[in-house]
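Report on the following structure.
Each value in this text was obtained by applying a stated rule to the coordinates, not by laboratory testing. None of these values were measured; they are calculated from a predicted model. We place every Cβ from the backbone using ideal geometry, glycine too, and count neighbours over all the protein chains shown.
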Amino acid sequence: MKVAVLGGTGEFGGGLALRLADAGHEVVVGSRDEADAREVADEYADDTGGDVSGATNSGAVDDADVAVLAVPPEYAADTADDALSGFDGIAVTPVVGMSREDGDFVYTPPKEGSYAARIRDSLDDDVPLAGAFHNLAAGKLAATHVDIDGDVAVFGDDEAKDTASELVEDIGTRALDVGGFGVAPQVEALTPLLINVGTKNGIRDAGAKFV
Ligand SMILES: NC(=O)c1ccc[n+]([C@@H]2O[C@H](COP(=O)([O-])OP(=O)(O)OC[C@H]3O[C@@H](n4cnc5c(N)ncnc54)[C@H](OP(=O)(O)O)[C@@H]3O)[C@@H](O)[C@H]2O)c1
């Protein structure tokens, strides 16, 4: 598949881009700055030997089958609105909002109830959206020499879930369908929980496995 990773210059998008390129997908790193995207894409191509190029966020989605919104939560809906207007592929959100309370990480959803709901509102109605990859840590994604050995909760529109699940499986993780947009807050809240599990118990880049 051709996968545009918007914000692919960042920690999380970078790790995901590396894993997807390693798995044989054509990856386009999206950025607000085309030169940055190209520079980073060259590094990822060298690291993986894969097909990786760089473009602006809106250029990255040209002809892409999938666009992953790997940008900070506060900018995700605007990025979707700007870059994905007229997009005819599948959109995927790994976006999570969190803050710190008494030293612990807590989930902080927007007024729409979840970032997935906010992004859904900003996308064209005919763009299928799935939520996926929330419970994978950026550090774990970037360590491409190590198998991830974990599960990924996938929710959203059916068509989008199928495509997102294929990508999840291609990077060596197990895709688990957990429902529609109603469960988005539960899935988004897994990320701060996993960070707390990791920091309190000395587990680096903690992930999830459902048995
Ligand atoms: N980090 C994790 O382990 C992790 C785990 C699960 C989910 N997530 C989710 O993944 C997303 C990305 O996380 P991250 O840690 O990779 O974030 P990040 O490194 O802070 O940012 C990712 C990229 O977003 C772009 N960006 C920054 N400000 C922006 C703005 N105002 N408008 C549009 N784009 C902007 C930047 O790319 P350019 O400057 O090149 O445009 C940046 O490289 C977040 O929504 C987060 O909740 C992260």
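Per-residue Cβ neighbour counts within 10 Å put Leu6, Leu123, Leu167 in the sequence Leu123, Leu167, Leu6, beginning with the fewest. Simple spin-label estimate for Asp102 and Asp62 gives 5.3 nm between the two label positions (7 Å along the Cα-to-Cβ direction from each Cα). Compared with the direct C-alpha span, the chain from Asp81 to Arg38 gains 13.2 nm at full extension, assuming 0.36 nm per residue.
The calculated FRET efficiency for Asp47 paired with Glu166, based on their beta-carbon distance and R0 = 35 Å, is about 0.95.
Taking a point 7 Å from the Cα of Asp125 along the Cα-to-Cβ direction, none of the residues of segment 63-77 has its backbone N closer than 16 Å to it.
Of all segments of the chain bounded by trypsin sites (Lys or Arg not before Pro) found in a DSSP loop with no more than 14 other C-beta atoms within 10 Å, the longest spans 1-110.
Cross-link list Lys2/Lys161; Lys161/Lys209; Lys140/Lys161; Lys111/Lys209; Lys140/Lys200: which exceed 27 angstrom alpha carbon to alpha carbon? Distance filter (> 27 Å) returns Lys111/Lys209. Extending 7 Å from Cα along the Cβ direction at Lys111 and again at Arg174 yields two label points whose distance is 4.1 nm.
Geometric descriptor of the chain, per residue, is 109 Å³ (volume of the convex hull of the Cα atoms).
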